[in-house]
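One structure is given here, and the rest of the page talks about it.
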Amino acid sequence: MLFVGYPKESRGGLFYDPQENEVFVSTNATFLEEDHIRDHQPRSKLVLNEISKSATNKPSSSTKVVDKTKISSQTHPSQELKEPRRSRRVVHQPDRYLGLSETQVVIPDDGVEDPLTYKQAMNDIDRDQWIKSMDLEMESMFFNSV
């Protein structure tokens, strides 16, 4: 059996049986990769030789310099280079991120600055609110043993 891919409409894998000459879907498969690699017989022997730097810098008298554009146009004259097709899918931001766009909110304060000291707070127009706020803060500190 040979694994050939994944089916679109179901789980499992597509397998080809060369004896029966048919393709079928199976959800129960065991891949024997190690056995295949261990028993693999190479069809040809490839020998790689290391080239020294001096040999790569100096072209020999038998070496010809050929323009790459000429080679590509001669070998494949009927093929045209096609740009990759762009996806037509429209990307939408998930609903959970709708309110989280990067915006800066400016809250107007009409140029009024908060008092920085106790004395300034006691002389402020909103004196009662500052006292109430300080009492709540002191109560919180007492409750938290700060």
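Computed from the coordinates by the stated procedures, all read-outs in this text should not be read as laboratory data. Note that the structure is predicted; figures quoted are calculated from it, not measured. Positions of Cβ are backbone-derived with ideal geometry, glycine not excepted, and every protein chain shown enters the neighbour counts.
Observations, loosely collected:
- Legend: ranking of residues Ser87, Ser44, Ser133 from fewest to most surrounding C-beta atoms inside 10 Å; resulting order Ser44, Ser87, Ser133.
- With R₀ fixed at 25 Å, the C-beta to C-beta distance from Arg127 to Ile107 puts the FRET efficiency at about 0.65.
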